[in-house]
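Q: I have a structure here, written as structure tokens, and I will follow up with some questions on it.
The values are calculated or read from the model by the stated rules, or taken from the named source; none is laboratory data. Source: prediction; values computed, not measured. Note: ideal-geometry Cβ built from the backbone for every residue, glycine included; neighbour counts use all protein chains shown. We work out accessible area using only protein heavy atoms, side chains counted, and drop any ligands, DNA or RNA first. Shrake-Rupley method; radii C 1.70, N 1.55, O 1.52, S 1.80 Å.
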Amino acid sequence: MNWGTELWDQYDNLAAHTHKGIEFLDKYGNFVKERCAIELEYAGKLRRLVKNYQPKRKEEDEYQYSACKAFRQLLQELGDFAGQREVVAENLQSNVVRELHLLAKELREERKQHLNEGAKQMAVLNSAIGALERARRAYERAARESERALEAFQKADADLNLSRAEVEKQKANMKQRSQLCEDAKQEYTDQLRKTNEAQRQHYEQRLPHVFKQLQDLDEKRIKNIKNFMLSSVDVERKVFPIIMQCLDGMEEAANSINEKEDTQLVIDRYKSGFVPPEDFRFEASAGADAPDAAAHVPAHHLTAARGTVSGNRVKKRGGLLSIFTSNKKIIEACNSIKNNMSMDGKEDYSDLPPNQKKKKLQAKVHELNKQVAQEQAAMEGLMKMKGVYETNPTLGDPMTVEGQLNECCDKLKKLRTALRKYEELLGEASQHAAAPPHPAARTNGAPPPHAASIGSNSESLSRSASESSVSTGTGAGAGGGSVCGAGGRAAGGSPESGLGGELAAAHADHANGDHDHDHDPDHDHDHESDFDYYYEPDLQPLGHCKALYAFEANGTGSTMRMECGERLLVLETDAGDGWTRVRRQATREEGFVPTTYIATTLYADVGHPH
């Protein structure tokens, strides 16, 4: 298939065809260019759509539900999808549109050169044909003149009236014209040969070469259109894996929606913790039958929010310190606890419903635990650095770490104080949340069950058992009560809160003969209280310790001062709050000291002394 041989006479049509081919190439280039613009516009609109539907800061609380989380993930995947459409547009622009524009420009220049060469070859052929035509006309003219000269000679030779000179003249003219005719014939013959040769070369060599170049140009154009189309497909195919990942992410987001989980989140978010209201009381009329009507009112209608029914009178329930009755020192201890537990503003979340308050306190305790752990790690690192400096002074001065260590200790002490404070609030919130709703109304007037009693004849109890008994509301029944032992922290008081020391002092007065409550008529009903306490004897030492650093007590709680290097008895080990209970053997003074300030040796490790 060769244009030079098959289309030897279609020069003009081939010129027009190649022109239309390059115009089609431009048309395809404009198509890809407009497609790039559409892809970019599509990606831009998708990004604006994603941006418009991104959750606002005020809507962040709503996006804890699985459906909202899935929607947020879908928006993220859609943003990535838009990014892939931008990649498609950029690659089409660089790999197709730009290359196609350069190719069209190159093909136009080549076509122009080939057509100029073809026109030049056509001019050469036309020139040869023109020369042949001129030679032919000259030969025809010379032949006619030769014939006329011959006729004139024959006519003069036949005319007897003409002289011999006239006849010779006509004869000479005839010979001259005949020679000119022969020359014109020879020239025409030569030009005919040349023209035929030029025509053969034109249609067999020169013009086919031009047509071959035009054919190569057109095939190159067609082949590149094919390559550009394949390149466009390849550009889009390359982003398909990522697009599929985006679609898979959208599918995963949709599958992550859990209606039951969202329902539970709604309960956790909006549950107040309050109990439904009690039944309405029977309101007797002012008539004479009012006492009889009141006699038929169920007992639970007479139950106050914080009281119990005893006969015909309502007695206020005993609280945490009911076993000490109205002792003045106990009242002062309560006021001290209240002052220590007070917080500025709404830091205690007292403005929230019980259940929401509990959630906030749990989050606060978790945050403070993390901060305490960070500070402990920092303090341990500083102590190790100080030890290294003390071992090898060339590495650094230990005193440079002392300031940072003291600052870290102060910060850790404040964090632990705040942690204990919020743990106490959380314990109170948990107790309220665990209390059964309407103890009288929900049991058809039956009295609430008494708290389980624990025997008080044991010689010692661990602090953890004491704490458990207080937090769960168990007591020792009629065994009297003192929180002198483990109550320093068990009854909601930390070493910094002052509860242990003040309650211990109050109990001391109570033990020394302050028994006014024995004659209190309400004391007979103290066993109905929600909280009863037991007497705890002096704790036996669990080991001994040595003070690594000096510690000054704050004077408001049950902490105890100690000197660096002092040896003390260990009564209770650290329960995870960073404090250890110790006793000074000489004065039998007891209190709490920071666990990180002492080096402890337990009798279980070295054998208990007898």
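Q: Taking the stated definitions as given, is K105 in a helix (DSSP H, G or I), open to solvent by 70 Å² or more (accessible area, probe 1.4 Å), touching a residue at least 12 places away in the same chain (Cβ under 8 Å) and basic (K, R)?
A: Values: in a helix (DSSP H, G or I): yes; open to solvent by 70 Å² or more (accessible area, probe 1.4 Å): yes; touching a residue at least 12 places away in the same chain (Cβ under 8 Å): no; basic (K, R): yes.
No; evaluated as a whole, the condition is false for this residue.
Q: Ok, one more. Across the range 154-192, what is the total count of residues that are of a type in the set (V, I, T) and farther than 19 Å from R137 by Cβ? So that I can check it myself, show each step before the final result.
A: Going residue by residue through the range 154-192, those that are of a type in the set (V, I, T) are 167, 189.
Filter once more, keeping what is farther than 19 Å from R137 by Cβ: 167.
Selection size over the range 154-192: 1.
Q: Turning to a different aspect of this structure: Which one is least open to solvent (accessible area, probe 1.4 Å) among residues in the range 240-291 that are within 22 Å of the chain's Cα centre (by Cα) and among the acidic types (D, E)? Spell out the reasoning first.
A: Within the range 240-291, the first condition is being within 22 Å of the chain's Cα centre (by Cα), and the residues that meet it are 241-258, 261-262, 265.
Cutting the leftovers down to among the acidic types (D, E) gives us 248, 251-252, 261-262.
Working: D248: 80, E251: 108, E252: 120, E261: 87, D262: 24 Å².
Residue satisfying both the conditions and the ranking: D262.
Q: Just give me the residues in the range 562-599 being free of Cβ contacts under 8 Å to residues at least 24 places away in the same chain and over 47 Å from the mean Cα position of the chain (by Cα), in sequence order.
A: Going residue by residue through the range 562-599, those that are free of Cβ contacts under 8 Å to residues at least 24 places away in the same chain are 563-567, 574, 576, 585-588, 595.
Those that are free of Cβ contacts under 8 Å to residues at least 24 places away in the same chain and over 47 Å from the mean Cα position of the chain (by Cα): E563, C564, G565, E566, R567, Q585, A586, T587, R588.
Q: Moving on to the next point. If we scan the range 24-32, do we find a residue that is closer than 30 Å to R206 by Cβ and crowded, with 18+ Cβ neighbours inside 10 Å?
A: yes
Q: OK, next. Name the residue, out of E86, E90, E147, that is farther than 30 Å from K226 by Cβ and open to solvent by 40 Å² or more (accessible area, probe 1.4 Å).
A: Values: E86 fails: farther than 30 Å from K226 by Cβ; E90 fails: farther than 30 Å from K226 by Cβ.
None of the other options fit; the residue is E147.
Q: Criterion first (open to solvent by 40 Å² or more (accessible area, probe 1.4 Å) and at pLDDT below 90) does N95 satisfy it? Step through it out loud before you land on a result.
A: Values: open to solvent by 40 Å² or more (accessible area, probe 1.4 Å): yes; at pLDDT below 90: yes.
Judged against the criteria, N95 is a match.
Q: Under the condition of being of a type outside the set (D, E, K, R), assigned to a helix (DSSP H, G or I) and open to solvent by 90 Å² or more (accessible area, probe 1.4 Å), which residue from the range 41-77 is nearest to Q264 (Cα to Cα)?
A: Q76
Yes/no per residue for (1) at pLDDT 85 or above; (2) within 21 Å of K413 (Cβ to Cβ):
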residue	(1), (2)
D522	no, no
H525	no, no
Y533	no, no
P541	yes, no
C564	yes, yes
G578	yes, yes
T595	yes, yes
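Q: OK, next. Which of the following residues is at pLDDT below 90 and either in contact with a strand residue (DSSP E or B) (Cβ under 7 Å, 6 or more places away or on another chain) or of a type in the set (K, R) (or both): K51, K105, K45, K58? Spell out how you get there, then give the answer.
A: Working: K51 fails: at pLDDT below 90; K105 fails: at pLDDT below 90; K45 fails: at pLDDT below 90.
Of the residues listed, the single one that is at pLDDT below 90 and either in contact with a strand residue (DSSP E or B) (Cβ under 7 Å, 6 or more places away or on another chain) or of a type in the set (K, R) (or both) is K58.
Q: Being open to solvent by less than 90 Å² (accessible area, probe 1.4 Å) and in a helix (DSSP H, G or I) is the filter here, so list the residues in the range 6-23 that pass it. Can you show your working first?
A: Of the residues in the range 6-23, the ones open to solvent by less than 90 Å² (accessible area, probe 1.4 Å) are 7, 9-11, 14-19, 21-22.
Passing the criteria: Y11, L14, A15, A16, H17, T18, H19, G21, I22.
Q: Taking the stated definitions as given, is Q205 open to solvent by 80 Å² or more (accessible area, probe 1.4 Å) and within 30 Å of V124 (Cβ to Cβ)? Before you say what the answer is, go through the steps one by one.
A: Working: open to solvent by 80 Å² or more (accessible area, probe 1.4 Å): yes; within 30 Å of V124 (Cβ to Cβ): yes.
Taking the combined requirement at face value, the residue satisfies it.
Q: Tell me whether the range 166-182 contains one or more residues that are open to solvent by less than 40 Å² (accessible area, probe 1.4 Å), on the phi > 0 side of the Ramachandran plot and not acidic (D, E). Break it down stepwise before answering.
A: To start, the set of residues in the range 166-182 that are open to solvent by less than 40 Å² (accessible area, probe 1.4 Å) comprises 167, 174, 181.
When the remaining residues are screened for being on the phi > 0 side of the Ramachandran plot, the result is none.
Checked against the condition, which is being open to solvent by less than 40 Å² (accessible area, probe 1.4 Å), on the phi > 0 side of the Ramachandran plot and not acidic (D, E), the range 166-182 yields no hits at all.
Q: Looking for something of a type in the set (G, A, S), modelled with pLDDT of 90 or more and part of a helix (DSSP H, G or I) - is there at least one such residue anywhere in the range 111-118?
A: Residues of the range 111-118 of a type in the set (G, A, S): 118.
From what is left, the residues that are modelled with pLDDT of 90 or more are none.
No, the range 111-118 contains no residue that is of a type in the set (G, A, S), modelled with pLDDT of 90 or more and part of a helix (DSSP H, G or I).
Q: On the given criteria, is N95 more than 52 Å from the chain's Cα centre (by Cα), part of a helix (DSSP H, G or I) and among the polar types (S, T, N, Q)?
A: Working: more than 52 Å from the chain's Cα centre (by Cα): no; part of a helix (DSSP H, G or I): yes; among the polar types (S, T, N, Q): yes.
No, not satisfied.
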